[in-house]
1. Only residues in region 67-84 that are surrounded by 13 or more Cβ atoms within 10 Å (Cβ to Cβ) count as the first member; pair them with residues that are of a type in the set (Asp, Glu) and part of a loop (DSSP other than H, G, I, E, B), Cβ under 9 angstrom, at least 6 apart or cross-chain, and list the lot.
2. Considering only residues that are open to solvent by less than 80 Å² (accessible area, probe 1.4 Å), out of contact with any helix residue (DSSP H, G or I) (no Cβ under 9 Å at 6 or more places or on another chain) and assigned to a strand (DSSP E or B), which ones fall in region 27-57?
3. Would you please list the contacts, defined by Cβ atoms under 7 Å and residues six or more apart or on different chains, that run from a residue in region 40-63 that is more than 14 Å from SER26 (Cα to Cα) to a residue that is charged (D, E, K, R) and in a loop (DSSP other than H, G, I, E, B)?
4. Please verify whether ALA24 is open to solvent by 30 Å² or more (accessible area, probe 1.4 Å) and either in a loop (DSSP other than H, G, I, E, B) or in contact with a Ser or Thr (Cβ under 8 Å, 6 or more places away or on another chain) (or both), treating the condition exactly as stated.
Amino acid sequence: AAEPSLRRGRQVTRAYGDKPGLFAISRMGDDGAEVLVVFNTSTAPISAQVEVEPGSLKWRSLRGQCAPKASAPASYGVTVPPLDYLICKSA
């Protein structure tokens, strides 16, 4: 309820597969911030690079352990525990 971008806004699928693993989406808010939601649907931890908007360089955690900075422009590194999720917001 505290994050309007999770209720409405443009949504972009960032990563998915046909087997258990990583599923990631971004929601773009009216304020220009990107909210990245990353799910791990497998029973093993996952570390991966996820595509993000090029201007999304600094991040803060809304849930879970989110890295404070993008790995490179348009690339954000995540580590998600088994059957868990992260919510990260660009600053």
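The values are calculated or read from the model by the stated rules, or taken from the named source; none is laboratory data. Model, not experiment: these values are computed from the prediction. Virtual Cβ from ideal backbone geometry, glycine too; neighbours counted across all protein chains shown. All accessible areas refer to the heavy atoms of the entire protein, side chains included, with ligands and DNA or RNA removed. Shrake-Rupley method; radii C 1.70, N 1.55, O 1.52, S 1.80 Å.
1. Going by the 9 Å Cβ cut-off, the qualifying pairs are ALA74/GLU53.
2. Filtering region 27-57 down to residues open to solvent by less than 80 Å² (accessible area, probe 1.4 Å) leaves 27-29, 32-42, 44, 46, 48, 50, 52-53, 55-56.
Then keep just the ones that are out of contact with any helix residue (DSSP H, G or I) (no Cβ under 9 Å at 6 or more places or on another chain); that gives 32, 36, 38-42, 44, 46, 48, 50, 52-53, 55-56.
Correct list: LEU36, VAL38, PHE39, ASN40, ILE46, ALA48, VAL50.
3. If the second residue must be charged (D, E, K, R) and in a loop (DSSP other than H, G, I, E, B), the pairs left are ASN40/ASP84.
4. Details: open to solvent by 30 Å² or more (accessible area, probe 1.4 Å): no; either in a loop (DSSP other than H, G, I, E, B) or in contact with a Ser or Thr (Cβ under 8 Å, 6 or more places away or on another chain) (or both): yes.
Spelling it out, it is not the case that ALA24 is open to solvent by 30 Å² or more (accessible area, probe 1.4 Å) and either in a loop (DSSP other than H, G, I, E, B) or in contact with a Ser or Thr (Cβ under 8 Å, 6 or more places away or on another chain) (or both).
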